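Written out below as structure tokens is the structure these notes cover.
The values are calculated or read from the model by the stated rules, or taken from the named source; none is laboratory data. What you are looking at is a predicted structure, and each value in this text was computed from that prediction instead of being measured. All Cβ positions, even for glycine, are placed from backbone atoms using ideal geometry, and neighbour counts span all protein chains on display.
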Amino acid sequence: MSVQRVRICFLILALLAGGTGAQAQDPEWAEKMFEKLGHDFGVVASGSEQKFRLKITNKYQQTVHIAGVSSSCGCTAAKPSKDTLASEESVDLDITMSTRQFRYLKETSLTVFFDQPLVAQVHIPVRAFINPDVILNPSSAQFGAIAKGTEKSLRMAIVYAGHGTSTLKNAVSKNQDVAVKLNETRRNGDVGHYELNVTLKGSLPVGDLRDQVLLVTDDPANPNIPVLVEAKVEAEYTVNPQIVSFGTLAPGERKTINIVVRGRKPFAIDKIESEKTARTFEVRLPLDARNVHVLPLTLIAPAEPGAVSDEFTIAIGGSSDAVTFKAQGKVVSRPPAQAPANP
């Protein structure tokens, strides 16, 4: 038997053994990782951009790798937040659909390809009913990056040619940090021209915002039309990486990793405090104020084997914002040296 055939046999036996062997026998093993196998955006405005996040969770002991994603139409695309999933890890598949070139019912599909632990593919049908009576400009409320505590507004133009005397009655946001106001600017017969004002309040928390504003009509067939709202709310100060992994070290070994701290304007770092690991970590503090600080953080591995972890707080002059990061590593004893064999 060839070496290659022996390796294949061992792989098959490994997959069939244990609690996760079902995936090697079940042709639907990959589909079972998806929270759902398709998405319907419903009734949407013409020219709008639609987005949806579909969760994929690795339910198996083996590592899963997403080899790629394809679409049957250029109007639809998808990208995973990462392509390698450890056991029990989840990722988001960001699905985007553009309606600029289509009217009425549009059906398309995505295919997600896997090459580990086995080759598989999963088809995701995607559909939307594109209402030609509603035109948005721009296609969605995209705010980009904004600083925490900042209030920012955006205006959108809407043309609505409702059936008969149907009109846009209101705009509604279910997010208390997003305020909306709809005004009719003029009317040409059955065609209404509107201005939609979307305001992000300074109370929005740090992180990614993806939400919807609903245009309310008096058309019983299409009572609500969604408008996408997106923003990235950034803190005044950020740390990268937020989790510093030193990997595996031997007792007494030293390892240094740079921490990058950024601010929107020049700032000084007064001190860095840790919770529990005195004399295990060392860091050199900068003396001047600048927008970006690179801090070399050194882990001195303790004599005792085991896990090392701590949380650090960075005190910034003149600021009460909590700026934190975590560091972790593992100390493993070296195997004893073997005496040379007798000649």
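Condition first: out of contact with any Ser or Thr (no Cβ under 9 Å at 6 or more places or on another chain) and part of a strand (DSSP E or B). Now tell me which residues in region 273-314 satisfy that.
Those that are out of contact with any Ser or Thr (no Cβ under 9 Å at 6 or more places or on another chain) and part of a strand (DSSP E or B): ARG290, ASN291, VAL292, HIS293, VAL294, LEU295, GLY306, ALA307.
Looking at (1) touching a Lys or Arg at 6+ places or on another chain (Cβ under 7 Å); (2) without any contact (Cβ under 8 Å) to a residue 40 or more places away in the chain, which one does LEU249 not meet, given that it meets all the others?
(2)
Are any residues in region 69-79 surrounded by fewer than 16 Cβ atoms within 10 Å (Cβ to Cβ) and under 14 Å from VAL91 (Cβ atoms), and if so, which ones?
LYS79
For region 294-330, what are the residues that are closer than 24 Å to PRO266 by Cα and over 26 Å from the mean Cα position of the chain (by Cα)?
Within region 294-330, the subset closer than 24 Å to PRO266 by Cα is 294-297, 312-326.
Answer for region 294-330, where residues must be closer than 24 Å to PRO266 by Cα and over 26 Å from the mean Cα position of the chain (by Cα): LEU295, PRO296, LEU297, ALA315, ILE316, GLY317, GLY318, SER319, SER320.
Output the residues belonging to region 21-43 that are among the hydrophobic types (A, V, I, L, M, F, W, C) and at pLDDT 85 or above.
Scanning region 21-43 gives TRP29, ALA30, MET33, PHE34, LEU37, PHE41.
Could you grab me the full set of residues in region 315-331 that are hydroxyl-bearing (Ser, Thr, Tyr), outside any strand (DSSP E or B) and surrounded by fewer than 15 Cβ atoms within 10 Å (Cβ to Cβ)?
As a first pass, look at region 315-331 and keep what is hydroxyl-bearing (Ser, Thr, Tyr): 319-320, 324.
Retained after the next criterion (residues that are outside any strand (DSSP E or B)): 319-320.
Passing the criteria: only SER320.
Report, by residue number, each residue of region 32-47 that is out of contact with any Pro (no Cβ under 8 Å at 6 or more places or on another chain) and part of a loop (DSSP other than H, G, I, E, B).
GLU35, LYS36, GLY47
Would a scan of region 67-75 turn up a residue that is outside the structural domain of THR199 (by TED's automatic domain parsing), assigned to a strand (DSSP E or B) and over 19 Å from the mean Cα position of the chain (by Cα)?
So far as region 67-75 goes, yes, one or more of its residues are outside the structural domain of THR199 (by TED's automatic domain parsing), assigned to a strand (DSSP E or B) and over 19 Å from the mean Cα position of the chain (by Cα).
Could you tell me whether SER109 is closer than 27 Å to VAL91 by Cα and either assigned to a loop (DSSP other than H, G, I, E, B) or of a type in the set (Ser, Thr, Tyr) (or both)?
yes
Among the listed residues PHE246, PHE267, identify the single one that is over 25 Å from GLY207 (Cα atoms) and of a type in the set (Phe, Trp, Tyr).
Just a single option satisfies the conditions, and that option is PHE246.
Each row is one residue, and each column tells you yes or no for (1) among the charged types (D, E, K, R); (2) touching a residue at least 40 places away in the same chain (Cβ under 8 Å); (3) in a strand (DSSP E or B).
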position	(1), (2), (3)
LYS79	yes, no, yes
VAL91	no, no, yes
MET97	no, yes, yes
GLN101	no, no, no
PHE114	no, yes, yes
ALA145	no, yes, yes
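Given region 168-235, what strands (runs of 3 or more DSSP E) lie entirely inside it while holding 3 or more residues that are touching a Pro at 6+ places or on another chain (Cβ under 8 Å) and either surrounded by 13 or more Cβ atoms within 10 Å (Cβ to Cβ) or modelled with pLDDT under 85 (or both)?
Values: elements: 168-173, 178-188, 191-200, 207-217, 224-234.
Correct list: 207-217.
Please go through region 236-258 and give me each residue that is modelled with pLDDT of 85 or more and not in a strand (DSSP E or B), ordered by number.
Matches in region 236-258: PRO241, GLN242, ALA250, PRO251, GLY252, GLU253.
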